[in-house]
Amino acid sequence: MSEPLLIGQSMVGGYGAANILNGCTISVQRGEIAVIVGPNGAGKSTAMKAMFGMMSLRSGSVMLNGQDITALSPQDRVPLGMAFVPQTHNIFTSMTVQENLEMGAFLRRDNIHATLEMVYYLFPVLATKRHQPAGELSGGQRQQVAVGRALMTEPRVLMLDEPTAGVSPIVMDELFDRIVEIARTGISIMMVEQNARQALEIAHRGYVLVQGENRFTDTGAALMADPDVRRSFLGG
Ligand SMILES: Nc1ncnc2c1ncn2[C@@H]1O[C@H](COP(=O)(O)OP(=O)(O)O)[C@@H](O)[C@H]1O
Ligand SMILES: [Mg+2]
């Protein structure tokens, strides 16, 4: 396997004295989709935060495109090509859709028009609502704004923490289709998902995280076919 675009290697850390991450390793290749599943409290969000620099590690490292970024702040990771959509509070509800997208591009000095058009092409409903406050949108549309805002930074890797939380199955399928489309443009996706089956279906690589450790790591297809994984984590 070639060198991953992003890898959190043997990550150990937590919020206080106790560790939440107990040595897990998570990576994604260029243009591929990596999916992290596992029970509530397993440390999935914590692993994402650690890879984005929102939490310092006690040991382990984070490498982006061969560069050790373990010590960098989130702000310093963005210009290197990382974008993160957190699980909650991921849009500015009082700002319009377009203002949200423009905020995503605040670090850029070049013309953002083409990226804006790309986001509206990907999520046509956002184009029709571009002047509406984002807080007036449905849950699924808000998630589109959050993903769109992250795309405005022109990331190499897009990190999504439960992007389909609270949306209907139809909206979920649509969002997954868009995520596949984004990956096809060469952007790597690292995603946490509760909808484990559906997410593993589109995953090149899957991780089952339990108590901050890798319980199972394989291709999405292999995890879906593994009887132990199915019984314990996919509802049979
Ligand atoms: N900001 C925080 N401060 C203290 N403990 C936290 C914080 N965020 C999460 N935790 C704890 O860390 C553990 C893992 O949480 P999390 O990474 O959010 O799990 P998951 O995303 O897999 O559901 C849980 O026991 C949770 O209570
Ligand atoms: Mg979480």
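The values are calculated or read from the model by the stated rules, or taken from the named source; none is laboratory data. In this text, all values refer to a predicted model and were calculated from it rather than measured experimentally. Don't worry about glycine lacking a Cβ; one is built from the backbone with ideal geometry, like all the others, and counts go over all protein chains shown. With ligands, DNA and RNA removed, areas are computed over all heavy atoms of the protein, side chains included. Shrake-Rupley method; radii C 1.70, N 1.55, O 1.52, S 1.80 Å.
Figure the gain on full extension for residue 108 and residue 173 (residue separation times 0.36 nm, minus the Cα-Cα span) and round it to one decimal in nm.
20.3 nm
For the chain, with the dipole built from +1 on Lys and Arg beta-carbon atoms and -1 on Asp and Glu ones, taken about the Cα centre, which of 115, 46, 166 lies farthest toward the positive end?
Comparing the listed Cα positions along the dipole, 46 ranks first.
With a 1.4 Å probe and all protein chains left in place, how much accessible area per residue does segment 80-221 have, in Å²?
Computed with neighbouring chains in place, this is 46 Å² per residue.
Using alpha carbon centroids, what distance separates segment 1-46 and segment 176-236, in Å?
13
If you put +1 on each Lys and Arg Cβ and -1 on each Asp and Glu Cβ, how big is the dipole of the chain around its Cα centre, in Debye rounded to 20?
260
So how exposed is residue 204, as accessible area in Å² (1.4 Å probe, rounded to 10)?
Looks like 80 Å² after rounding.
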